[in-house]
Amino acid sequence: MDEKIQNLKIMGITKRFPGVLACDAIDLEVGENQVFALVGENGAGKTTLMNMLMGLYQPDEGEIRINDRKVQFHTPAEAFAAGIGMVHQHFMLVPNMTVAENVALGAREFHSLGRLDLGGAKKRIKDISARYNLPVQPESYIWQLSVGEQQRVELIKTLCFGARFLILDEPTSALTPQETEELLDLLRRMSEDMSIIFISHKLQEVTSLSDQVGILRHGKMVFTGPTSAQSPAKLAALMTGHEVNLPKNECPEEGGLRMLSIKGLKVRSDRGFLAVDGLDLAIHSGEILGLAGVSGNGQKELADALAGLRPVESGVIDLEGRNITNLSPQEIISNGFGYIPEDRNHEGIVPSFSIKENLILKDFASPEFSQGPFLSLARADKYAQALKERYDIRSPSIKTQAGSLSGGNIQKVILARELARKPKVLVAVYPTRGLDMGAEEFIHTRLLELREGGAPILLISEELEELMNLSDRIAVIFKGRIIDTVRGCDATLKGLGLRMAGLVDGAEGGAA
Amino acid sequence: MRKSLAVIYVFLVSLAAILAAVGIGAFVLLILGADVVTVYRVILTEPLKDLFGITEILVRAVPLILVALGIAIAFRSGILNIGAEGQMQMGIIAAAAVAIALPTLPKYILLPLSLLAGALGGALWASIAGALKARLGVNEILSTLMLNYIAAQLYGFLLRGPMIDPAEIQMGSGTPQSVRLPKAVWIDRIIPGMRLHYGIVIALVLAVLVYLLLWRTTWGFKLRAAGAEPKAARYGGIKVERCILSAMILAGAFAGLAGAVEVTAVHRRAIEGISSGYGFSGIVVALFGGLHPAGIIPSALFLGLLLIGADMTQRAMSVPANMVLVLQGAVILSIISAKMFINDPYARDRFYRFVSRRGNEPH
């Protein structure tokens with residue numbers, strides 16, 4: 001049988017790309033049944049390091065040892081053969097195939113003379129799902145599964161390939177808080193059988209799960225040691241190189257003009273049911289209204305309907321006294337509506353367009369950036385350059401393709417565009433999902449600044465701490481309706497959690 | 001030093017792609033029992049040996065450039081127009097019909113009118129597929145392809161029936177062709193005795209205009225955004241359906257204009273086979289040219305060279321001129337493969353490592 005991986009060492013690994021030192025003499029050691037958390041901001045070199053462990057890249061210097069024997073992987077297949085399996089941040093699954101087919105696809109042993117041994121694959125899936133208590137139906141199609149379930153399929157797939165050492169690249173970045181909890185429990189159980197490298201920048205997860213932690217900053221390992229001795233705040237400071245203070249909304253006074261009001265709103269989902277079902281909400285100037293809820297309770301449809309991207313079945317949306325229900329996106333934008341969409345990579349930006357082009361995406365036809373039918377490229381250059389500096393968008397130039405940026409920088413491009421337009425109201429959907437602490441801090445600061453300036457913000461999020469830090473009031477959405485609203489400073493994790501599950505006990509917090 | 005490596009890498013991949021295309025062609029030629037080296041020499045150099053060959057290349061390049069410009073607009077706007085062949089035939093019919101119906105008009109009115117009619121004919125034909133896509137989401141590859149068949153039948157019917165040259169009926173020969181177009185609609189030839197005509201000027205001017213449209217105007221910005229990421233375009237307030245329809249109409253207008261120029265400058269009557277695959281070769285030219293006017297012009301010239309060269313090899317060495325189609329196919333395959341390699345960070349990394357290891361060896 002395959003030998004257990006008792007010890008994996010990375011010794012002095014260096015990797016250069018044209019113009020960049022991605023990994024600089026990195027040392028790392030993972031012992032038997034250990035969970036090693038690899039922490040760092042976007043672009044610190046975490047994924048590059050792991051790709052070298054998986055044989056996708058070759059290190060320029062240094063070596064990798066397994067059980068004190070030097071190994072060299074030229075392809076991912078060789079890494080798999082040595083028992084190392086990786087679950088990538090972006091799932092590598094074929095949506096219109098079943099779970100069993102996806103597993104059989106990558107495992108040679110289930111291929112025989114041009115046929116797939118699906119029976120064998122199903123049996124293996126059942127064995128593994130029973131062993132680790134990972135419920136999955138081998139016959140389900142991937143597209144039918146939720147993100148959390150797809151994550152499980154990725155894990156099972158990796159285990160079916162015979163992984164005895166797991167690498168997970170930001171496994172929780174797309175999960176809901178509930179799914180994250182389940183995954184962490186699962187990984188705890190799995191660590192009794194194998195070692196795990198867990199890449200994350202969510203420090204709560206790191207402290208709750210890992211034995212050892214390593215912090216990468218700009219390609220250098222700046223810290224390694226046992227996790228138990230570290231607090232999240234200490235880790236955050238090491239990760240970013242400075243003290244991180246997520247800004248807070250000090251508990252505010254009530255009142256302000258009603259800017260955006262929504263009455264009896266009904267909106268259908270893609271699948272045709274009423275995802276928003278008689279929703280009422282009012283947002284006042286100078287306030288951040290947090291919208292809490294388990295994802296899939298109508299948040300996406302609500303935001304789309306507000307932006308004019310989805311038809312409103314009935315009800316009224318009123319922006320500063322003007323009825324904007326079912327207006328075109330263009331008309332709603334010109335009424336001063338700002339929108340940070342959930343899908344930042346494909347809706348918030350045109351990925352193949354330059355940063356500059358994305359910054360003027362909503363205004364290219366305005367007199368500022370056009371002259372008759374022509375674009376005023378020189379003025380757009382100047383504008384984009386100024387925003388790039390003001391919003392600290394890290395890229396070689398404003399002509400860089402926006403799609404090539406990291407998630408945090410993409411979000412900064414979107415934020416820059418929306419805030420520079422001085423919106424009358426801003427809707428932000430999961431604005432910090434998957435981002436590192438530095439980016440999160442930056443975005444929170446900017447949202448609070450906008451609030452100071454008097455513009456109301458509808459903040460849709462699943463991160464309860466984010467909501468509690470920023471919101472003046474928190475409304476809870478459940479099955480397309482607001483079931484309760486509480487003051488931000490009165491909200492508790494427990495109370496919000498109960499309400500998000502559809503329970504209103506009325507025991508705490510006052511309805512606004 | 002590393003930056004220049006990136007340039008070298010792209011260059012080497014492109015070189016390998018060209019060699020692969022040449023290799024596939026060579027393989028087919030070997031099967032045909034032809035002398036590979038001589039065939040390539042004839043194709044690539046023979047047309048360039050005299051003025052006639054060079055002007056003929058340009059004659060072929062004119063419709064290729066015009067069609068490819070339209071294709072580039074459509075592809076950049078997110079709609080794949082495979083229907084240039086049919087749109088071109090509708091352009092030929094419309095241009096010829098206007099010229100035949102109004103033979104007494106002076107040249108400075110009739111010629112522009114006829115070219116405009118050609119563009120409109122193509123635009124109208126393309127708008128069917130465009131509207132189906134924008135309104136109902138009908139796959140444009142299917143609809144444009146099918147409209148090609150309808151256009152071909154309509155074209156054949158008109159040339160055999162309503163538009164046939166009465167002389168053909170009198171003589172009883174029945175060749176499917178229209179009467180000769182009035183002189184007032186002829187596009188002049190540039191060099192006596194050669195077919196090269198002023199349509200080349202139209203093509204070059206339009207190439208510049210297409211560049212300006214796509215990259216310098218707000219309309220072009222809209223079209224490119226709608227094509228690159230419709231979801232983000234919609235979010236940004238752009239009416240994507242309208243972009244799709246207008247891009248398709250423009251593409252059809254360019255194909256129709258290509259037909260109109262071809263009939264008024266080269267053939268001077270509507271006959272069968274004027275479009276002769278330009279509608280499809282135009283797609284190759286557009287892709288090979290990177291969907292950019294500055295790339296489309298040289299790639300149209302290159303394909304023109306292949307077309308003429310293949311004609312010559314057919315005459316000189318009895319290798320079928322359809323070999324060009326094989327080479328076209330090989331070129332497309334190579335371009336697509338080369339793009340995969342150029343965009344693959346892992347392949348690029350292996351190349352850098354290979355080079356730097358060589359560089360570090362003791363001399």
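Computed from the coordinates by the stated procedures, all read-outs in this text should not be read as laboratory data. Since the structure is predicted, the reported quantities are computational estimates derived from the model, not experimental observations. Note: ideal-geometry Cβ built from the backbone for every residue, glycine included; neighbour counts use all protein chains shown.
Figures for the structure shown
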read-out	value
Gyration tensor verdict on the range B:41-148 (Cα atoms; rounded if a/c is under 1.5, prolate if a/b is larger than b/c, oblate otherwise)	oblate
Estimated vicinal HN-Hα couplings, Hz - the range A:424-439 in sequence order (Karplus 6.51, -1.76, 1.60; Gly, Pro = x)	7, 8, 10, 10, 10, 9, 6, x, 10, 4, x, 9, 7, 5, x, 5
Burial ordering of A:23, A:160, fewest other beta-carbon atoms within 10 Å first	A:160, A:23
For the range B:297-321 and the range A:221-247, distance of Cα centres in Å	68
J(HN,Hα) series, the range B:103-115, from Karplus relation 6.51 cos²θ - 1.76 cosθ + 1.60, nearest Hz, glycine and proline x	x, 8, 5, x, 4, 5, 9, 5, 4, x, 4, 5, 5
The range A:336-396-the range A:452-470 distance, computed between alpha-carbon centres (Å)	24
Within the range B:19-102, trypsin sites (Lys or Arg not before Pro) in DSSP loop having at most 11 other beta-carbon neighbours inside 10 Å	B:49
Full-stretch length increase - residue A:270, residue A:181 - with 0.36 nm per residue and alpha-carbon distance subtracted	29.2 nm
Order of A:66, B:141, A:333 under a 10 Å beta carbon neighbour criterion, fewest first	B:141, A:66, A:333
Sites residue B:209 and residue A:127 - FRET efficiency at Förster radius 56 Å, r taken between beta-carbons, to 0.05	0.30
Antiparallel bridge percentage (DSSP; both residues within the range A:7-240; nearest 5)	55
Rounded to 5, the percent of DSSP beta bridges in the protein assembly as shown classed as antiparallel	60
Cα gyration tensor shape for chain B, rounded if a/c is under 1.5, else prolate or oblate	oblate
Above-threshold pairs, the threshold being 21 Å between Cα atoms, out of A:356/A:412; A:362/B:231; A:4/A:70; A:234/A:412	A:234/A:412
Alpha carbon Rg of chain A, scaled by the compact-globule rule 2.2 N^0.38 Å	1.04
Computed [θ] at 222 nm, helices only, for chain A once each DSSP H run of length n ≥ 4 contributes -39500 (n - 2.57)	-9000 deg cm²/dmol
Selected from A:226, A:262, A:129, residue furthest toward positive end of dipole (the protein assembly as shown; charges at beta carbon)	A:262
Net charge of Cβ neighbours under 13 Å - reference residue B:89; Lys, Arg +1; Asp, Glu -1	-3
Built amide H within the under 5 Å cut-off of residue A:374, gap 5+	B:218
The protein assembly as shown, dipole about Cα centre (Lys/Arg Cβ +1, Asp/Glu Cβ -1), debye to the nearest 20	2640
Furthest towards positive pole of dipole, B:198, B:167, B:74, structure part the protein assembly as shown, Cβ charges	B:167
Of all DSSP beta bridges in the range A:136-278, antiparallel share, percent nearest 5	65
Amide hydrogen neighbours beyond the local backbone of residue A:165, cut-off 5 Å, H modeled	A:85
Local electrostatic count, residue B:115, Cβ distance below 13 Å [Lys/Arg +1, Asp/Glu -1]	0
The protein assembly as shown - Debye-derived log10 I(q)/I(0), Cα point model, q = 0.05, 0.08, 0.09 Å⁻¹	-0.37, -0.90, -1.08
Full-extension gain in nm, residue A:117 to residue A:204, via 0.36 nm per residue minus C-alpha separation	27.1 nm
Top positive-direction residue, dipole computed over the protein assembly as shown with Cβ charges, set B:333, B:301, A:175	B:301
For the range A:15-74 and the range A:267-302, distance of Cα centres in Å	43
Cut-off under 5 Å, modelled amide H: who pairs with residue A:259 long-range	A:283, A:284, A:285
Net charge dipole size for the range A:350-421 [Lys, Arg +1 and Asp, Glu -1 on Cβ; Debye, nearest 20]	100
In sequence order, calculated HN-Hα J values of the range A:342-355 (Karplus, 6.51, -1.76, 1.60; Hz; x Gly/Pro)	5, 8, 6, 7, 10, 10, x, 9, 8, x, 7, 7, 6, 3
FRET efficiency for residue A:399 and residue A:25, using Cβ-Cβ distance with R0 set to 41 Å, rounded to 0.05	0.80
Dipole moment magnitude, nearest 20 debye, the range A:181-242 about Cα centre, only Lys, Arg, Asp, Glu C-beta charged	440
Net charge contributed by nearby residues that have their C-beta within less than 15 Å of residue A:328 (K/R +1, D/E -1)	+4
Whether the range A:350-421 is rounded, prolate or oblate, judged on the alpha carbon gyration tensor where a/c under 1.5 counts as rounded	prolate
